[in-house]
Each structure stands twice: as C-alpha cells, then as structure tokens.
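**Student:** A single structure is presented below for examination.
The values are calculated or read from the model by the stated rules, or taken from the named source; none is laboratory data. In this text the structure is predicted, and so the values were computed from the model without any measurement. Ideal geometry is used to build each Cβ from the backbone, glycine not excepted, and the neighbour counts take in all protein chains shown. These area figures cover heavy atoms from the full protein model, side chains too; ligands, DNA and RNA do not enter into them. Shrake-Rupley method; radii C 1.70, N 1.55, O 1.52, S 1.80 Å.
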Amino acid sequence: MNTILFFQSLWAMELRSATEPERGLEENIRMIKDAGYDGVSADWRSREYVRELHGLLKANGLTAEGQCFPKTIDELKPVLENATEFGLHHLEIQPDVRPRRLDDCIPLLEGWLRLAEEVDFPVYIETHRDRMTTDLFFTLDLLERIPDLKLLGDISHFVVGREFSWPITEENNSHIHQVLDRCWAFHGRVASREQIQIEISFPQHQMWLDQFLEWWGYGFRSWRRRAADGEALAFTCELGPRPYAITGRDGEDTTDRWSEALMLRECVRKAWDKSGAHLEDNA
C-alpha cells in the first residue's frame, strides 16, 4: 500500500516581519511536529547545520527532504556525504546553472545521476525558475534526452514563467501532464499567471487552487501507477516568506502562511485520497 508524507519547508517558517521575532529552529520543529507533519524540507549543504537539525528531527520522530544547489558535479558530493551520514527521505537538486543549450546540460545531469547511484536514497531534480529547469519547453526537451530523469515538481514556476492564460489551454495542460508523469515528489504552493504565490484562502483565487489540486491529483495517479508497493510520496508545503508572499503597505504578509499551509495540506490530502479511489474505480 502506498502512502503520502507531508513535509513543511523550514524556509517557509521564516516570518521576515518587522513586528514579530523569528522563531528558533527548535521551536519551529516543535510546531511542525505538533501540527502532524511527517518531516521538514531544509538546506542540506552545511554539515554543522544538518547535524543539529538531524538531532532535533530524530528526537521528534521526523524525517527530512534535503535541498542543494550545485553548480558543478563535484559540488553534489559533500551534500551526498551529509545525507548518507545523517539520513533523509530524499534529496532534491536545484541545478544552479542556466545553459542555453541542451548539450551543455547533459554532462552535468549525467554526472549527478552517476553519483546518485552510489547512495541508498532517491535524488530528484527540481523544476524551478532561474535554474536549469526554469523553462517548461526546455525541461520537456531535457526529459526527452534523459528518459530516466526523475523530477521533483514545483509547477508553480511554470505557470508564472509561461504566464499561462485562463482558462488553461489544452496545450498547456498537456505539457504540465508530461512533467507530472516524471515527478516523484512535489513542492506545494499555488500560483497565478502573474504571481508565484497567491493567498489560497481568498475566494478570488479559488479557481487557481482548484486547478493546482487537479494537477496534483493527476500527478498522484501517475505516481501510484509507477511506484512500487509500499513506497511513500513526499509533498512539501512551501508557502514562502516575502517576496514570495504577497505583502501589504506595512510590509507584512496579507495572510497567516502557517494557517494556509495547514489548509493546503488538508486540500492535498483529499486529492490524494481521491486519486486512490479513482484508480480503484478504473482497475
């Protein structure tokens, strides 16, 4: 039986407020545990930070998604060492390079994939703006060139990057489905064509929330068909602080991002449950 794990981004726990003090790492971990999350998403590059975080996670029965931002093949090696030493659920790479030619990307991706074969946890490539995967069409071309490339999908970046018109065209929907068919984990926020992160509790944004839930539902069904029995899919709630979050004249967030993350998690949980029922109905 397959399951879903919900992670909370530690970056998204930052307040960046002029009036509210930042919480410490221990307090954030306690909040995340008490809210019923399965783990956190965190930068996995600094060994000292990872050691401290690992101790807190272990004490609270949580796991982690590690993040890294390599520019070269060798820059991935110390991150893999951290992950091997302290453990995590999976590692995701944001390739911090922006080649204009596919041929310049292939050696990097193949080098990272070779290193990933040496560890016993999954390593995914994230779809993200200002990275190798910034453009939807370029990413689709990469997938054609490297059929076994596994993605971590943050599709909000494609919606903004391509400024998808509303209603979503069949062409754009098909392109997103091609990406989702290669996703093995997800980052969750809701975008519109103009903004990377909109307030999901505002009624005027309901159509975009519904669209993302539809896409994630498709991605869940696709993953269920590909995954081995007993595997767990990771979904990270990643409602980031400003400038991702929209702010008012006072510079403060227009909504409570923590509450919206919990709201998002429950919406996604329902989409996950529905995806399982859909496959059973079509078995």
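**Student:** If I ask for residues that are open to solvent by less than 10 Å² (accessible area, probe 1.4 Å) and either in contact with a Leu (Cβ under 8 Å, 6 or more places away or on another chain) or part of a loop (DSSP other than H, G, I, E, B) (or both), which ones from the stretch 152-168 would you list?
**Tutor:** Those that are open to solvent by less than 10 Å² (accessible area, probe 1.4 Å) and either in contact with a Leu (Cβ under 8 Å, 6 or more places away or on another chain) or part of a loop (DSSP other than H, G, I, E, B) (or both): GLY153, ASP154, ILE155, PHE158, PHE164.
**Student:** Taking the options ARG265, ARG225, name whichever one is over 17 Å from the mean Cα position of the chain (by Cα), in a helix (DSSP H, G or I) and at pLDDT 95 or above.
**Tutor:** Result of the check over ARG265, ARG225: ARG225.
**Student:** Could you grab the pairs with beta carbons closer than 7 Å, sequence gap of 6+ or different chains, first residue in the stretch 84-100 and in a loop (DSSP other than H, G, I, E, B), second one open to solvent by less than 30 Å² (accessible area, probe 1.4 Å) and among the β-branched types (Val, Ile, Thr)?
**Tutor:** These pairs meet every condition: PRO95/ILE125; PRO95/THR133.
**Student:** Hey, can you tell me all the residues within the stretch 169-187 that are outside any helix (DSSP H, G or I), buried (at least 18 other Cβ atoms within 10 Å of the Cβ) and either out of contact with any Lys or Arg (no Cβ under 7 Å at 6 or more places or on another chain) or aromatic (Phe, Trp, Tyr) (or both)?
**Tutor:** Selection gives CYS183, TRP184, ALA185, PHE186, HIS187.
**Student:** Okay, moving on. Among ILE4, ILE29, which is of a type in the set (Val, Ile, Thr) and more than 18 Å from TYR124 (Cα to Cα)?
**Tutor:** ILE29
**Student:** Please go through the stretch 236-278 and give me each residue that is of a type in the set (Gly, Ala, Ser), over 23 Å from GLU194 (Cβ atoms) and touching a residue at least 12 places away in the same chain (Cβ under 8 Å), ordered by number.
**Tutor:** Passing the criteria: SER259, ALA271, SER275, GLY276.
**Student:** Which residues, taken from the stretch 101-140, are under 26 Å from GLN197 (Cβ atoms), in a loop (DSSP other than H, G, I, E, B) and touching a helix residue (DSSP H, G or I) at 6+ places or on another chain (Cβ under 7 Å)?
**Tutor:** Across the stretch 101-140, the qualifying residues are THR127, HIS128, ARG129, MET132, THR133, THR134, ASP135.
**Student:** Same structure again: Filter the stretch 1-20 for residues that are in contact with an Asp or Glu (Cβ under 6 Å, 6 or more places away or on another chain), farther than 30 Å from GLY251 by Cβ and not polar (S, T, N, Q) and give the result.
**Tutor:** LEU5 - this is the single residue of the stretch 1-20 that is in contact with an Asp or Glu (Cβ under 6 Å, 6 or more places away or on another chain), farther than 30 Å from GLY251 by Cβ and not polar (S, T, N, Q).
**Student:** Something else about it: Name the one entry in ARG131, ARG145, ARG221 that is open to solvent by 10 Å² or more (accessible area, probe 1.4 Å) and under 21 Å from VAL79 (Cβ atoms).
**Tutor:** Step by step, each of ARG131, ARG145, ARG221 is checked, and only ARG131 is open to solvent by 10 Å² or more (accessible area, probe 1.4 Å) and under 21 Å from VAL79 (Cβ atoms).
**Student:** Which residues, taken from the stretch 203-212, are surrounded by 14 or more Cβ atoms within 10 Å (Cβ to Cβ) and out of contact with any Ser or Thr (no Cβ under 6 Å at 6 or more places or on another chain)?
**Tutor:** If the condition is that a residue be surrounded by 14 or more Cβ atoms within 10 Å (Cβ to Cβ) and out of contact with any Ser or Thr (no Cβ under 6 Å at 6 or more places or on another chain), then HIS205, LEU209, GLN211, PHE212 are the ones that fit.
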